[in-house]
């Protein structure tokens, strides 16, 4: 006789199936099956290479000297910073999930106790939070494993546990915000807070780059050495776990499970209310009262700019995504700035990679505008205006927003270090230029194919073009290091891709130059 | 209206073809005269929406031509768009804009003078019952409400050719009546409307002429009484004619 599976496992199975399919849809993006399999194959090769690397170094297993108290405190602070960082990113994820309409209705309409639904969500989220970080940090971790011994495999375990904890904490934060702010404001304020927190975090993470930051670190190190605390104390358990202590890993895992248990016991009903409320909370935003007699009709350009600006301004999720994406530019930008204006040497390949990263990042607003904000592509396609006109306005607004988002933090950087500020200005230029690259090679062609398979061809072409252009730019940048002439290739990029955008003929010219 | 323009067909489609994985529209030729309400009927997947999307310039045909009031859509798409409005079955409006802002956007895009746009908006909002939500963002609207906003947007620039794909979907009975009256008034005012619908009573009562597409081909065309005479033995509803015709064609196929 087939017995029905326990309902928690049924729910977990459901959650993981959705997760797998979400991942596979991101991975293949509706590409033909052979392309998606190829991408997956590449992923497998990457993981296998990492595993091979790990196995090859198995023989180098060596027990290092016992860590000192200041070292453990430093590692603990690093883990705490990682926890905060992952919590912030998970917060955006759990907010988006809470506001997905329909799914909660279906689950909570079923005869299943709410604590099982909450538990399955927490477990899935906690386990699902880690893989990205494991993958991203694997080169660094493998470096430790290679150079310092096999015991550093514990870093993987600790990342896994801390990411899980971060997801649980993000859920609890969301519940708290829902309680305080209500369903209408939780999404916008929560997302905004997450964005600001991320920006502050990334900015704060750069403080050691400044002389006063470095002095602070030295003083802290001296103070910790003088203090000589107990290395076996419980506050240092995460650091010990990271450095290979098995009992401390058990403590962390137990803490995670206990947190899941407590959250499920105490907050299942609150979670149910939140999910049902948020799923239906499409706030009725009322704009300042006008009557149809006061219809503000403007000229064509202003009409389009106003539409893009309003759509951008009123979308808090988009703001946070922009804030997050531009926030990531700061560390890379400061590294480039130091390399350019000081004696530090940065490898050309790393520099080109950083520029590529920054260009893709700063180009994200234009993609957001076209793919997330553009609710009515058919309206624009049937309006009696050239398509380049509409896209030109999108580009202008996205460039404006990128500049706005980048300039505010970079002004602060410039105040602390004029050279780093100057570097920031360069990155703004790169960002604007790359907006144009994305615009000409990707967006313009992709609009008619929105949500269709054909979209991926211009997407791939656009991304390849960006990588090619910024790699060339990066090499020029490196070659002309320590020289103001380094500005030249960037300005050329700006002129080429910015000023020449709007007409198809010019676009062909730019593409021709690029091909040449 | 320009006298010379009134002589030409509002829409002239000739030898239109489109295939995706398989042929969807096959050598379609049809004319719609100015001031007609033409109902394009067909079962699911018959090619109605694809045809209308080709007319609106959203899909490039594989072969054939489309002329709107004598303007070749391939040669001068902007001029064709200037006299056309397209309302798809899924209302396309901006979630983050209010209905008033949406109307201002449309008026700006089609270069309607502000005073005229304000007057038309006022009339349309009053007719469609949108005044109370005029300053609310559209993201919270029901599908029917979005449909009304989209329809108001399509009418604010007084298009000479209005392409409507399932315009009554999501509307309650009372609002559907109001929209039908509104469309009737537009036709009486000289506008041309081409609509697709699965509600055959609407086509039966409102349409000047009816075309029935089946597997991408125009299998029947004419007024309701002509179709009734040719395919229904002079009696029966449009539904009877439609079902008989589609079933016959299926059997023949």
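Here is a yes/no grid of residues against (1) within 14 Å of chain B (Cβ to nearest Cβ); (2) modelled with pLDDT of 75 or more; (3) in a helix (DSSP H, G or I); (4) crowded, with 17+ Cβ neighbours inside 10 Å:
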site: A:379; (1), (2), (3), (4): yes, yes, yes, yes
site: A:384; (1), (2), (3), (4): yes, yes, no, yes
site: A:390; (1), (2), (3), (4): yes, yes, yes, yes
site: A:401; (1), (2), (3), (4): no, no, yes, yes
site: A:408; (1), (2), (3), (4): no, no, yes, no
site: A:413; (1), (2), (3), (4): no, no, yes, yes
For this session: Please give the number of the condition residue A:180 fails out of (1) crowded, with 19+ Cβ neighbours inside 10 Å; (2) at pLDDT 85 or above.
Result: (1)
For this session: Test residue B:225 against the criterion of being out of contact with any helix residue (DSSP H, G or I) (no Cβ under 6 Å at 6 or more places or on another chain), without any contact (Cβ under 8 Å) to a residue 12 or more places away in the chain and under 28 Å from residue B:16 (Cα atoms), and give yes or no.
Result: yes
Exercise. Looking only at residues in segment B:81-105 that are facing chain A (nearest Cβ under 8 Å) and in a helix (DSSP H, G or I), which one is surrounded by the most Cβ atoms within 10 Å (Cβ to Cβ)?
Worked result: B:103
Problem set entry | Count of residues meeting criterion [at the interface with chain A (Cβ under 9 Å from one of its Cβ atoms) and in a loop (DSSP other than H, G, I, E, B)] in segment B:126-156 | 5
Exercise. Hey, among B:35, B:57, which residue is closer than 22 Å to residue A:386 by Cβ and outside any strand (DSSP E or B)?
Worked result: B:57
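To keep it simple, each residue is scored yes or no on (1) over 19 Å from residue B:209 (Cβ atoms); (2) touching a strand residue (DSSP E or B) at 6+ places or on another chain (Cβ under 8 Å); (3) at pLDDT below 90.
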residue: B:59; (1), (2), (3): yes, yes, yes
residue: B:64; (1), (2), (3): yes, yes, no
residue: B:69; (1), (2), (3): no, yes, no
residue: B:74; (1), (2), (3): yes, yes, yes
residue: B:77; (1), (2), (3): yes, no, yes
residue: B:80; (1), (2), (3): yes, yes, no
Exercise. Given the structure, is residue B:62 in contact (Cβ under 8 Å) with a residue 40 or more places away in the chain, within 7 Å of another protein chain (Cβ to nearest Cβ), over 24 Å from residue B:202 (Cβ atoms) and surrounded by fewer than 23 Cβ atoms within 10 Å (Cβ to Cβ)?
Worked result: no
Problem set entry | Some residue of segment A:272-282 being at the interface with chain B (Cβ under 7 Å from one of its Cβ atoms), in contact with a helix residue (DSSP H, G or I) (Cβ under 6 Å, 6 or more places away or on another chain) and modelled with pLDDT under 80 | yes
Exercise. What is the one condition in (1) surrounded by fewer than 19 Cβ atoms within 10 Å (Cβ to Cβ); (2) within 29 Å of the chain's Cα centre (by Cα); (3) at pLDDT 85 or above that residue A:264 does not satisfy?
Worked result: (1)
Problem set entry | Qualifying residue in segment A:340-347 (condition: at pLDDT below 70 and surrounded by 20 or more Cβ atoms within 10 Å (Cβ to Cβ)) | yes
Problem set entry | Some residue of segment B:187-196 being within 12 Å of chain A (Cβ to nearest Cβ), under 24 Å from residue B:68 (Cβ atoms) and either surrounded by fewer than 20 Cβ atoms within 10 Å (Cβ to Cβ) or out of contact with any helix residue (DSSP H, G or I) (no Cβ under 9 Å at 6 or more places or on another chain) (or both) | no
For this session: Among the candidates A:96, A:104, A:81, A:166, single out the residue that is assigned to a helix (DSSP H, G or I), in contact with a helix residue (DSSP H, G or I) (Cβ under 6 Å, 6 or more places away or on another chain) and modelled with pLDDT of 80 or more.
Result: A:166
For this session: Name the residue, out of B:182, B:200, B:171, that is in contact with a strand residue (DSSP E or B) (Cβ under 9 Å, 6 or more places away or on another chain) and more than 9 Å from chain A (Cβ to nearest Cβ).
Result: B:200
Problem set entry | Scope segment B:143-157; condition in contact with a helix residue (DSSP H, G or I) (Cβ under 7 Å, 6 or more places away or on another chain) and touching a residue at least 40 places away in the same chain (Cβ under 8 Å); matching residues | B:146, B:149, B:151, B:152, B:153, B:155, B:156, B:157
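The values are calculated or read from the model by the stated rules, or taken from the named source; none is laboratory data. Nothing here was measured: the structure is a model prediction, and the numbers come from that model. Glycine gets a Cβ as well: all are built from the backbone with ideal geometry, and neighbour counts include every protein chain shown.
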